[in-house]
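Working notes, beginning with the structure itself.
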Amino acid sequence: MTVQPRYIARIYFIILFTISLAETRVFNFMTLNLFLAYIPFELCLLLKLFKPKKAFEWPLFIIFGLVFLLLVPNTFYMITDLIHLNQFQFNFLVGLNLTEWIFFTYLMLGVFLAMYVMILIFMEIEHFTSHVWLNRALIVVLMFLNGLGIYIGRFLRLHTVYLINEPLKIVTEVLSVFSLKTFMFVLLMVLMQAVLALIVKGVRLQK
């Protein structure tokens, strides 16, 4: 029996999320970040159910689509959690510190979950409409939105909730600090996502 990718993601998330509830001493941010990284995947699976077939269904689809777009940057955001490894020395000259490598593995497992979920989201969007060009364009737009969202969350320290409570504050702050460096950072995030998508495509072609 073949297990569907969505169930693998769900089991993976539940196990890692449960571990994060118990480990709050070192990486106390993991519980919230795992939750925020995973939710967009479930929302993405529901997108097709909200696809409008009649005119009166468009408002609900637009609202649901906006909620998805606002939350989806949280998924790839998890890769930036690797910066928290800087609290460990990883001094190879001293010898093996197993504790450091346990937390290294723990953090990497969170990153792997985010990457896996991001791949599944891209694969869902790839078949969202009957137009191949439109699906690919949506994925590219999503990559740029992810990059911008990661910049907002990591450097401006603005949470997703601000998009609901104070959207103008986010727009104002982003415009005030936007520069070539900001754009380059977004491009780096896009590059990583593009390479990830390319790797997956290569693996699928290998079959």
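The values are calculated or read from the model by the stated rules, or taken from the named source; none is laboratory data. From a predicted model like this one, the values you see are computed outputs, not experimental measurements. Using ideal geometry, Cβ is built from the backbone for each residue, glycine included, and neighbour counts are taken over all protein chains shown. Each accessible area value is taken on the protein alone, full model and side chains, heavy atoms only, with ligands, DNA and RNA left out. Shrake-Rupley method; radii C 1.70, N 1.55, O 1.52, S 1.80 Å.
Some notes on this structure:
- For segment 189-196, the condition of being open to solvent by 60 Å² or more (accessible area, probe 1.4 Å) and not in a helix (DSSP H, G or I) holds for none of the residues.
- Within segment 151-166, residues that are over 12 Å from Val177 (Cβ atoms) and modelled with pLDDT of 70 or more reach partners that are assigned to a helix (DSSP H, G or I) and of a type in the set (Phe, Trp, Tyr) with beta carbons closer than 7 Å, at six or more positions or on different chains, in the pairs Gly153/Tyr77.
- Number of positions in segment 96-139 that are open to solvent by 60 Å² or more (accessible area, probe 1.4 Å) and either of a type in the set (Gly, Ala, Ser) or in a loop (DSSP other than H, G, I, E, B) (or both): 5
- Residues that are modelled with pLDDT under 85, part of a helix (DSSP H, G or I) and not polar (S, T, N, Q) do occur in segment 175-185, at least one of them.
- Residue satisfying condition, being modelled with pLDDT of 90 or more, on the phi < 0 side of the Ramachandran plot, assigned to a helix (DSSP H, G or I) and open to solvent by 30 Å² or more (accessible area, probe 1.4 Å), within set Thr18, Thr80: Thr18
- Count of segment 29-77 residues which are more than 17 Å from the chain's Cα centre (by Cα), of a type in the set (Val, Ile, Thr) and surrounded by 15 or more Cβ atoms within 10 Å (Cβ to Cβ): 0
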